[in-house]
Amino acid sequence: MKQGIFEIKSNEELSRNIYKMVLVGNVEEKIKPGQFIDIALKDFYLRRPISVFDADESSISVIYKAFGNGTRSMTKYLPGQKLDILYGLGNGYDTSYVKECAALIGGGVGIPPLYYLAKQLLKENKIPKVVLGFNTQEEIFCVKDFEDLGCDVTVVTVDGSVGKSGFVSEYIPTDADYFFTCGPKPMLRAVNAATTISGQFSLEERMGCGVGACMGCSIQTKNGYKRLCKDGPVLLKEEIEWGN
């Protein structure tokens, strides 16, 4: 984990209630796909954890949904403002499990970390096949970002307004030898039930500290309790206890 002061380069709305913020500063430690940052917000006691969309040695990009009071306040932040950031948090995805082709399955604001992952897989000469799920056309974002990388992208909308109709779990590429997924828990359950190959899930729980101290994001796994902010948020399919 590292801490730094970053300046907002841009903070723009991509689709309904979905924003992209680009932060510039000295990224002293390489960020792995699937890791997250923790942003200190003015007038809020707890930091806000946000998955990393993209990163290099001088910038970090995140995509977030304006949902609660904290993230809604973020939409008012302007270029030039500075933020205190903890970065390099969580374990991230492990691409060594992929032989040739990986399915990247995302839903809603679970989509952003898969972009950085796709870039990493391409660097390793592995093929990412991307399935992106949304409720409706008005919520779609980031599709062109994946297409510009050269990824095979399938768009799925629940109401059928764009792309395939239904749920991402119905369109998982059959030629993938591994998968990575991030999204709402009902979607993750459906992906788990629909897959016979191994994979990695990025899970979400309310986080207090973001660094493993408060234990607030602990969940039961087949290997005992794990703190999602420290031991996760990425867990192997084989260790997750889905419960009822």
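Seen against the Cα atoms of the chain and their longest principal axis, helix 112-123 is set at about 70 degrees. Which residues make up the longest stretch of the chain clear of GluC sites (Glu not before Pro) that lie in a DSSP loop with no more than 13 other Cβ atoms within 10 Å, not counting the sites? Counting at most 13 other Cβ atoms within 10 Å as exposed, the longest clean stretch of the chain is 125-240.
Measuring against 28 Å, Cα to Cα, the residue pairs K42/K129; K20/K42; K82/K230 contain K42/K129 as the ones spanning a longer distance.
The distance between label points at A193 and D159 comes to 2.4 nm (points 7 Å beyond Cα on the Cα→Cβ vector). Highest mobility in the GNM of the chain, judged by mean-square fluctuation with C-alpha springs under 10 Å and restricted to K30, K20, K230, is found for K30.
Too long at a 18 Å Cα-Cα cut-off: which of K2/K32; K32/K76; K32/K65?
Details: K2/K32 13 Å; K32/K76 28 Å; K32/K65 22 Å.
Among K2/K32; K32/K76; K32/K65, the Cα-Cα distance tops 18 Å for K32/K76; K32/K65.
Available extension along the chain between M215 and L46 is 59.4 nm, counting 0.36 nm per residue and deducting the alpha carbon span. Working from label points 7 Å from Cα in the Cα-to-Cβ sense, the L149 to S96 distance is 2.1 nm. Can you bin segment 95-202 into rounded, prolate or oblate? Criterion: square roots of the alpha carbon gyration tensor eigenvalues sorted a ≥ b ≥ c, rounded for a/c under 1.5, prolate for a/b above b/c, oblate for the rest. Oblate, because a/c is 1.5 or more while a/b does not exceed b/c.
Taken together, the values in this text are just the output of simple stated rules run on the coordinates, not laboratory data. Treat the numbers as computed from the prediction; the structure is a model and nothing was measured. FYI the Cβ positions are ideal-geometry reconstructions off the backbone, even for glycines, and counts take in every protein chain you see.
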